[in-house]
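Undergrad: My structure is below; once you've seen it, I'll send some questions.
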Amino acid sequence: MSTPSNSNAITQHAPGCTLESYAEAKQLPVEFLRNLGLTDISYAGQPAVRIPYRDAAGRDIAVRLRIALEKSDGEDNRFRWRKGSKAHLYGLWRLERARAAGYLFIVEGESDAQTLWHHDLPAIGIPGASTWREEWAHLLDDIATIYVVIEPDAGGEATLAWLAKSAIRDRVKLVHLEAAKDPSALYLADPAGFRDAMKKTMDKAVPWTDRDRAEVEERRAEAWQKCQALAEAPDILAQMATDLEAMGVVGEAKAAKLIFLCVVSRLLEKPVSAVIKGPSSAGKSFLTGRVLSLFPEHAFCARSGMSERTLAYSDEPLAHRMLVIQEAAALQGEFGTYLLRSLLSEGYLRYETVEKTTEGWRPRVIERAGPTGLLITTTAVRLHAENETRLFSIPVTDTPEQTKQVMIATARAPGIGAIELERWHALQLWLEGGAHQVEIPFAETLAKLMPAEAVRLRRDFGSVLNLIRAHALLHQASREKDALGHVVAALTDYEAVRVLVGDLVAEGVEATVPARVTETVEAVAAFAPNEVTISSLARRLKLDRSTASRRAAECTSRGYLHNRETRRGQPSRLVVGDPMPSDTSILPTVEEIRLASDCTVASDSEGKEVPPPPRVGDDRNDDAQEVPMATDAGPPAVEQVLQSHGWDTETAVAEINGHGIPTAIHDATAVAAAAAGQLIVNGVAEVVCPTAPTTG
């Protein structure tokens, strides 16, 4: 016999326990307990009760011993596990009765389950309040309602803690026994009225969703008091960059903003993942750590490394969290990276393995709920192709100028304590309790405007959309919501994301190259027709040899440099390789989206929708006059269009000019919209449905 690792057992124990004394204490028939498989056994020279745990087929998969009826000296010394036994749900072989009934009680311990079974109430027991394993959740998938008994002690708190993270919680109703600690105690207090009492508790049970909603709303209200000013700021990322600079982050505002948005995206159904790349000592981990300090610890799971099967076997929750790995090299083995790719792509893990039991080797399905995002740092120029395409590559700056800025910032010795973190953590708590669905009214227009030459853009486009959603979610206090309560993204959200990832998307499909690559290739070209060593290149770029070598490796991997030296250990002989592409933009500008939209675009300031202008020939506007159109001679004057709609020209033009709209607009439909009085929304000009022919 052995004691399980999670036991509080000590070497001393109370006098033994027999099946007769156990039955008497619980007021359950001995024969009923024997039919459940309970028998007398000897343990350490004392009588004990053997309690078998059986699988769905009725086979023994674990054995627990009851060696005492009561706790002794404040210690719970009543149980032992048989050697080789692992914790399981108690009552798996009776689950068919629960499925037939359509409901189930989850209780703590065997005696509570036995008491409920004796009264024909379907139940299952967990061997301890904190021993729940999420891999058990799928066993209860086809049971509509699950009543979980919450005991009024630390065990009840532990039960609520695991319920908050479990997939079963939306089907759970919480049972509080007002007159007793647990079902067994309730039965002992009034055996004749026990079944009716349990039925009444079912009627009074509170759905987990109601309790959770109330708690979330309370937490969100408290968080709002701390973060309101920040949440209502027009550019939260700019404030973040300012605070990070106060904490010693210099010259990496763009990278920091993108990392921050990736972590915010954990709240979406498809988080955005990223790899932060740079030479050793470039500050990758420092930058990532400073950004993560703005988030509560439950938002991410940070690890220096992990074994191949950690993702499958770890109990660390992963749903709507970022997995942060300090170095890509710490991911061990192909199988480990395969599990990671599956988690990122599918949003969950379902891994089947076999394990040894008392009945031999048995299959076991391990499920890990997501979705999960990944942040990882690396000194490598490129990751495995299967991983590279799933992540945005965020470079850190390796120039001498950046090194100087870092040294000055270090000399000033700022730290995390330099800013108020509470408002940032409160902001995340407020976001967690709010709406997480975001509508992008211009998504289809964006898709039509983007080129489709590279297959990788299928995945990158989805990531761009999710970054737009993350930005809108972050700024939801100043965004409109639709009839379903979904946040409506504005073009402001797209523009912010375009600035952050426009070059990264283009670089990913080789439509452009980073400035560091251009600089390195031009440095090699300056030596032509001579070959260049890494040392010579480093001197030319005024970089250390390691950084220059990394740049050369990046250029070589892209084909823009060739190394004529094929022998290992010999100095490089670099020459210019394939021509670099001319800079091509993959993501269209905001103005291009406006002009190409076939539908109304949300307002930049608040995401409000503007109705389309009346069109010539529209049945709803048969009396509308023909709108003057732009011609080769130039755009029509605003005054002319306004007059065609019967407006007072002087007053209308003054009003339009007062909102920053020029007196000659090249898009005739935009002029028509202005003339119809539908272009001014909260002082912001919006172009709507520019379907008419235009010039200029």
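Undergrad: Can you give the charge dipole size of the range 207-281 about its Cα centre, rounded to the nearest 20 debye, using +1 on the beta carbon of Lys and Arg and -1 on the beta carbon of Asp and Glu?
TA: 340 debye
Undergrad: Compute, for the range 399-470, the length of the dipole vector about the Cα centre, with Cβ point charges of +1 (Lys, Arg) and -1 (Asp, Glu) only. Units Debye, rounded to 20.
TA: 220 debye
Undergrad: Say the dipole of the range 399-445 comes from +1 at the beta carbon of Lys and Arg and -1 at that of Asp and Glu; which of Gln437, Thr410, Trp424 then lies farthest toward its positive end?
TA: The residue sitting most towards the positive pole is Thr410.
Undergrad: Same structure, new question: Considering only Cα-Cα distances, which of the following residue pairs are longer than 21 Å: Lys277/Lys448; Lys71/Lys204; Lys181/Lys204; Lys173/Lys270; Lys404/Lys542; Lys257/Lys277?
TA: Lys277/Lys448; Lys71/Lys204; Lys173/Lys270
Undergrad: Turning to a different aspect of this structure: How large is the charge dipole for the range 129-236, taken about the Cα centre, if only the Cβ atoms of Lys, Arg (+1) and Asp, Glu (-1) carry charge, to the nearest 20 debye?
TA: Roughly 220 debye for the range 129-236.
Undergrad: Please report the antiparallel percentage of DSSP beta bridges with both residues in the range 9-158, rounded to the nearest 5.
TA: About 65 percent, rounded to the nearest 5.
Undergrad: While we're here: Go through the range 128-202 and name the GluC sites (Glu not before Pro) that are in a DSSP coil and have 11 or fewer other Cβ atoms within 10 Å of their Cβ.
TA: Passing both the DSSP loop test and the Cβ count: Glu178.
Undergrad: Residue farthest toward the positive end of the dipole of the range 182-241, with Cβ of Lys/Arg at +1 and Asp/Glu at -1: which of Ala197, Ala214, Pro234?
TA: Highest projection toward the positive end goes to Ala197.
Undergrad: Roughly what % antiparallel, to the nearest 5, for the DSSP beta bridges in the range 295-375?
TA: Taking every DSSP beta bridge within the range 295-375, about 55 percent pair in antiparallel fashion.
Undergrad: If Lys and Arg each add +1 and Asp and Glu each add -1, what is the summed charge of the other residues whose beta carbon sits under 14 Å from the beta carbon of Pro529?
TA: Here the count lands on +1.
Undergrad: Sticking with this structure for a sec: What does the convex hull of the Cα atoms come to per residue for the range 256-405, in Å³?
TA: Once divided by residue count, the hull of the range 256-405 is 109 Å³.
Undergrad: Counting other Cβ atoms within 10 Å, which trypsin sites (Lys or Arg not before Pro) in the range 531-561 have at most 13 and lie in a DSSP loop?
TA: Within the range 531-561, the qualifying trypsin sites (Lys or Arg not before Pro) (loop, at most 13 other Cβ atoms within 10 Å) are Lys542.
Undergrad: Considering the options Leu541, His562, Thr512, tell which one lies farthest towards the positive end of the dipole of the range 502-564, charges being +1 on Lys and Arg and -1 on Asp and Glu at the Cβ, about the Cα centre.
TA: Leu541
Undergrad: Could you please state, rounded to a whole Å, how far the C-alpha centre of the range 507-534 is from the C-alpha centre of the range 24-85?
TA: One Cα centre to the other: 73 Å.
Rule-based calculations on the coordinates, nothing more; no lab input. Keep in mind that what you see is a predicted model, and the values were worked out from it rather than measured. Using ideal geometry, Cβ is built from the backbone for each residue, glycine included, and neighbour counts are taken over all protein chains shown.
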